[in-house]
1. Of the residues that sit in the stretch 5-47 and are in contact (Cβ under 8 Å) with a residue 60 or more places away in the chain and part of a loop (DSSP other than H, G, I, E, B), which one is nearest to the chain's Cα centre (by Cα)?
2. When residue 126 is evaluated against the numbered criteria (1) surrounded by fewer than 19 Cβ atoms within 10 Å (Cβ to Cβ); (2) outside any helix (DSSP H, G or I), which criterion, by number, is the only one it fails?
3. Select from the stretch 24-49 the residues that are polar (S, T, N, Q) and surrounded by fewer than 21 Cβ atoms within 10 Å (Cβ to Cβ) and write down the one among them that is nearest to residue 110 (Cα to Cα).
4. Does the stretch 92-102 include one or more residues that are modelled with pLDDT of 95 or more, within 19 Å of residue 28 (Cα to Cα) and assigned to a helix (DSSP H, G or I)?
5. Scan the stretch 49-62 and give yes if some residue there is touching a residue at least 40 places away in the same chain (Cβ under 8 Å), more than 17 Å from residue 148 (Cα to Cα) and not hydrophobic (A, V, I, L, M, F, W, C), otherwise no.
6. Restricting to the stretch 107-136, what's the tally of residues that are of a type in the set (Asp, Glu), over 27 Å from residue 7 (Cα atoms) and touching a residue at least 24 places away in the same chain (Cβ under 8 Å)?
7. Yes or no: residue 76 at negative phi, in contact (Cβ under 8 Å) with a residue 40 or more places away in the chain, in contact with a helix residue (DSSP H, G or I) (Cβ under 9 Å, 6 or more places away or on another chain) and surrounded by fewer than 19 Cβ atoms within 10 Å (Cβ to Cβ)?
Amino acid sequence: MTLNSIGLDTGKTQKLAADLNILLANFQLYYQNLRGIHWNIKGKTFFDLHTKFEELYTDANVKVDEIAERILTLGATPLHTFDDYTKAGKVPVGKNISKDENAVHLIIDSLAELLMIERQILKSSDEVNDEGTNSMMSDFITEQEKTVWMMKAWLGETV
């Protein structure tokens with residue numbers, strides 16, 4: 001076993017970095033969805049949702065950077081082309097969504113996909129003893145579960 005400079009098995013961290021790249025690609029798609037619904041939202045809930053969507057895309061942008069930097073920390077190269085993102089994409093792509101409920105459903109569906117990817121990475125990072133990735137995934141999951149709950153509450157639904 002060869003350890004990298006942060007004390008992790010290089011072979012195992014390469015697989016983890018590949019999984020993080022899948023998360024990165026999907027977060028980029030989620031980010032674009034949020035920008036689109038922020039720009040295109042219409043109706044009586046415009047002011048509230050326009051502001052909320054901006055808050056969410058600003059947060060997603062920060063997370064994209066954190067994921068890319070973690071990939072670099074593990075010694076790999078982050079994906080950075082739209083072609084790579086669409087090939088690895090599992091998050092649904094929302095196009096021309098302007099109705100409030102459709103926009104909120106897109107967020108919930110996108111977060112559901114991200115949460116599945118993050119939970120797998122959380123499991124893998126635990127097995128590799130990668131506390132840095134593990135902590136990041138745990139924080140992401142906690143925040144996103146709360147966002148799903150809030151979006152469902154907005155719709156009048158339960159989780």
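The values are calculated or read from the model by the stated rules, or taken from the named source; none is laboratory data. This is a predicted model, so every value here is computed, not measured. Positions of Cβ are backbone-derived with ideal geometry, glycine not excepted, and every protein chain shown enters the neighbour counts.
1. 41
2. The number of the failed condition is (2).
3. Kept after step one, since they are polar (S, T, N, Q), are these residues of the stretch 24-49: 26, 28, 32-33, 40, 45.
Now restrict to residues that are surrounded by fewer than 21 Cβ atoms within 10 Å (Cβ to Cβ): 32, 40, 45.
Details: 32: 11, 40: 18, 45: 21 Å.
So the residue we want is 32.
4. As a first pass, look at the stretch 92-102 and keep what is modelled with pLDDT of 95 or more: 92-102.
Retained after the next criterion (residues that are within 19 Å of residue 28 (Cα to Cα)): 92-97.
Filter once more, keeping what is assigned to a helix (DSSP H, G or I): none.
No, the conditions are met nowhere in the stretch 92-102.
5. no
6. As a first pass, look at the stretch 107-136 and keep what is of a type in the set (Asp, Glu): 109, 113, 118, 126-127, 130-131.
Narrowing further to those that are over 27 Å from residue 7 (Cα atoms): 109, 113.
Within this subset, residues satisfying the condition of being touching a residue at least 24 places away in the same chain (Cβ under 8 Å) are 113.
Residues meeting the conditions: 1.
7. It is true that residue 76 is at negative phi, in contact (Cβ under 8 Å) with a residue 40 or more places away in the chain, in contact with a helix residue (DSSP H, G or I) (Cβ under 9 Å, 6 or more places away or on another chain) and surrounded by fewer than 19 Cβ atoms within 10 Å (Cβ to Cβ).
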